[in-house]
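Have a look at the structure below before the remarks.
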Amino acid sequence: MSSGHKKPQFDFLFMKLPRGFFYAVILFTCLATIPPALIIRARSVPRESRRIHLIQNMDNQPKYKAQQENIIFRDDRSMRQPVPGTVARSQMIGDTHYWLGTVDGTYAKTFPDQITVDMKLLERGRERYDIYCLPCHGATGVGDGTVHARAMQLLNLTPAENNGTTWVQPKNLHEEAVAEQPLGQIFYTISNGKNNMAGYASQIRVEDRWAIVAYVQALQISGNAADYPVPDSDSLPEQKIVLDDDQAAAESTDSDKEGAGS
Ligand code: HEC
């Protein structure tokens, strides 16, 4: 039988296996697609029940959400109402004149009752102004503070050197548009800022803001002083407010002048 036809080994292998084996392979392949199909379904179909979460790590805890029913309370709401008489911080303003600088929705034209305008208030105002306002608005209020000077220096550099800095000059407080503003508006600007200027309510206490208002007004009046008749000229100011310690100073300079003149 040595001359017999030689079958390839490959064929031989297949023919020898029982048929059932091939059916088993096909069946197994089909069944194998079921678990992934189930997983895909589980991940894509929304369900009411929670997913299985074996290691809890305190991930789920009972709590009430807004608008939910809650039978613990008599009104069945989980959201509680504020205790009667509760005042939110922003609602605490009864006296708008003092706290906001407004009366009946417009800027106040007078100082509030809590503020007495005297030399002490002006001194306090000057001190606070020098701390908080002078760096920008300058000692006299014309808007030439050191911050402004520095900004102008930076503006003179090339955009590459100053990162494209831009600058709005602090307002000249003697400008008509500012000088004519009611006191309450100045107070409002100090408290809340204006355009490019930040508000100072968080840094300056309310009584100090009024002191600054008084001082700004004093600056504005003094800014117009050139229009007043000057001492040693023919006329004297029609109205001059003299405060006690000023009077002494004025007298001493007067006598100095007389002394120098004779
Ligand atoms: C960091 C700089 C800076 C400081 C500090 C500053 N200001 Fe100003 N202020 C400005 C600038 C800039 C403007 C102009 C704002 C604009 O019109 O864009 C301005 C505008 C104003 C105006 C005019 C508002 C209006 O109605 O046009 C008043 C009044 C004023 N400042 C008062 C004050 C007082 C008082 C203080 C101190 C508590 C103060 N500022 C501190 C920069 C400053």
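Computed from the coordinates by the stated procedures, all read-outs in this text should not be read as laboratory data. All figures in this text were calculated on a predicted structure; none of them were measured in a lab. All Cβ positions, even for glycine, are placed from backbone atoms using ideal geometry, and neighbour counts span all protein chains on display.
The peptide list 51-60, 16-25, put in order of mean Cβ contacts within 10 Å with the highest first, becomes 16-25, 51-60. Loop-located trypsin sites (Lys or Arg not before Pro) in segment 193-223 (DSSP state not H, G, I, E or B) with no more than 15 neighbouring Cβ atoms inside 10 Å: R205. Based on the Cβ-Cβ distance from Y64 to T86, what FRET efficiency comes out when R0 is 30 Å, to the nearest 0.05? The formula returns an efficiency of 0.90 here.
State whether segment 179-228 is rounded, prolate or oblate according to the following rule on the C-alpha gyration tensor (a ≥ b ≥ c being the square roots of its eigenvalues): a/c under 1.5 gives rounded; otherwise a/b larger than b/c gives prolate, and the remaining case gives oblate. Since a/c reaches 1.5 and a/b is larger than b/c, the shape of segment 179-228 is classed as prolate. Distances between placed amide hydrogens fall under 5 Å for R77 paired with N70, all partners being 5 or more residues away or on another chain.
Scoring 31-37, 83-89, 149-155 by mean Cβ neighbours within 10 Å over their residues and listing the highest first yields 149-155, 31-37, 83-89.
Rounded if a/c is under 1.5, else prolate if a/b is larger than b/c, else oblate: which is segment 18-158, with a ≥ b ≥ c the root eigenvalues of its Cα gyration tensor? Note, shape of segment 18-158 comes out oblate.
In terms of packing, defined here as the mean over residues of other Cβ atoms within 10 angstrom, the peptides 195-202, 179-186, 166-173 line up highest first as 179-186, 166-173, 195-202.
For segment 96-224, the fraction of C-alpha pairs more than 20 angstrom apart is 45%.
Label point of M79 set 7 angstrom out along Cα-Cβ; within segment 48-67, amide nitrogens under 20 Å from it belong to 63-67.
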